[in-house]
1. Take the conditions in contact with a helix residue (DSSP H, G or I) (Cβ under 9 Å, 6 or more places away or on another chain) and free of Cβ contacts under 8 Å to residues at least 40 places away in the same chain and apply them to residue 254. Does it pass?
2. Does residue 168 satisfy being under 24 Å from the mean Cα position of the chain (by Cα) and in a loop (DSSP other than H, G, I, E, B)?
3. Which strands (runs of 3 or more DSSP E) sit wholly inside segment 172-255 and have at least 2 residues that are open to solvent by less than 10 Å² (accessible area, probe 1.4 Å) and farther than 23 Å from residue 351 by Cα?
4. What number of residues within segment 114-168 are of a type in the set (Asp, Glu) and touching a helix residue (DSSP H, G or I) at 6+ places or on another chain (Cβ under 7 Å)?
5. So residue 167 fits all but one of (1) within 30 Å of residue 326 (Cβ to Cβ); (2) surrounded by 21 or more Cβ atoms within 10 Å (Cβ to Cβ); (3) of a type outside the set (A, V, I, L, M); what number is the exception?
6. Tell me whether segment 276-283 contains one or more residues that are out of contact with any strand residue (DSSP E or B) (no Cβ under 9 Å at 6 or more places or on another chain), surrounded by fewer than 13 Cβ atoms within 10 Å (Cβ to Cβ) and aliphatic (A, V, I, L, M).
7. Given the conditions (1) in contact with a Phe, Trp or Tyr (Cβ under 9 Å, 6 or more places away or on another chain); (2) farther than 25 Å from residue 315 by Cα; (3) not aliphatic (A, V, I, L, M), which single one is not true for residue 165?
8. In the set 70, 37, which member is polar (S, T, N, Q) and farther than 28 Å from residue 276 by Cβ?
Amino acid sequence: MIDFLIIGGGVIGTALARELSHCKGRTVLLEKGRSLSGVQSTHNSALVHPPAMMPPDKGKLKSVLGKKGSFLHQQLARHFDVPVFHNGAIVTARTEEELEKLHRLKQQSEAEGIDTITLCSQEKLLEREPNLHPDVKGGLFMPEAMSADTSVLTERLAANARLNGAEIYTNTEVTALQKSSSGFEVETKEGRVFQSRFVINAAGAASGFIAGMIEDKMPFEPVSRRGEYLVLSRQAAGFINHIIYPPPTNLTKGVLIIPQPDGTIRLGPTDTQQKDFRSALPTKEGIDQIRHEVNMLAVEIPYHFEERYYAGIRSSITDPDFYIRPSEVHPRLIHLAGLDSPGVTASPAVASYVLTEIIQNIEPVECKTEPNLFGY
């Protein structure tokens, strides 16, 4: 009998596997792809947002878990030797109104105990980033921001989970989920059946599909959203030396310039609703939008070093906040949905939250006295 069965092997699922591998009992993770983190986790911005970019008005859980996760990622990157680009981020402003928003964001962040932000004049910004657009009037420098190799991070979270006894299976697609006398019965495409006391639905964009296998009434409303990116090759390294955010809005973080640990630069994402939750392809309209918005952030953009385009699916729902709750009908079934931005940032904090705030309240779990926290 399995104690904890996780469906989905992205950065959230593997963070959960690592967290639960520290507890007594058998932990199993099932991933339908040939490798871990092959869908949402590696088809996004690979961005660890700074705490100030996750205010409470974006969603209570997003804010709390995002801020905690931002801190935890610094530890994970160091202990697991994850490649990161850690020069910090600049949030830009082009108008006096946008400058005022940055002032308020700084004040709000300081009221929350975040005292690392620096308000920079246009002159200071151009000293840091000569290729910023001359219309940029000022900005906020946030040192905590970084981009990380999410593929390496996911593999090392999984390796640590295995070291602590977790079992991780790839090429294992779940096709049926139903209640059993002892917990849950999970069937895979190959006809294999797993019996588990707890099931954690961390299937990302497919979380609604998994929930629909067992829930008579859907507890959340999935909305598939496509995020498109344009990637500049390593030859563009040094064009921009910080992660560059556009002026903040109430809806999205917009199109960013995101240097990566490998020297490439990601430009994006777009944010477009689509019907298909399984895959996404970049579009001409999306790439044109990226170019248009990046052109308002910087000049002398080396588009001649374009390497590729790609698109990813976001695990969005109609509710703007994260959905992390047990099923009302089946309490030991825990759904994780709507973990779009800042999902990567929040991932280690989400794993801790599921264990301490949900599982432990359903059934106290004893943790191992000496788990291996950082080996892989």
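1. Criteria met by residue 254.
2. No, not satisfied.
3. 222-232, 243-245
4. 1
5. Of everything listed in (1) within 30 Å of residue 326 (Cβ to Cβ); (2) surrounded by 21 or more Cβ atoms within 10 Å (Cβ to Cβ); (3) of a type outside the set (A, V, I, L, M), residue 167 misses just condition (2).
6. Scanning segment 276-283 turns up no residue that is out of contact with any strand residue (DSSP E or B) (no Cβ under 9 Å at 6 or more places or on another chain), surrounded by fewer than 13 Cβ atoms within 10 Å (Cβ to Cβ) and aliphatic (A, V, I, L, M).
7. All conditions are met except number (1).
8. Just a single option satisfies the conditions, and that option is 70.
The values are calculated or read from the model by the stated rules, or taken from the named source; none is laboratory data. The model shown is predicted, which means the values in this text are computed figures rather than measured ones. Counting neighbours? That spans all protein chains shown, and the Cβs are built from the backbone with ideal geometry, glycine included. The protein model used for the area step is the full one, side chains on, heavy atoms only, and it has no ligands, DNA or RNA in it. Shrake-Rupley method; radii C 1.70, N 1.55, O 1.52, S 1.80 Å.
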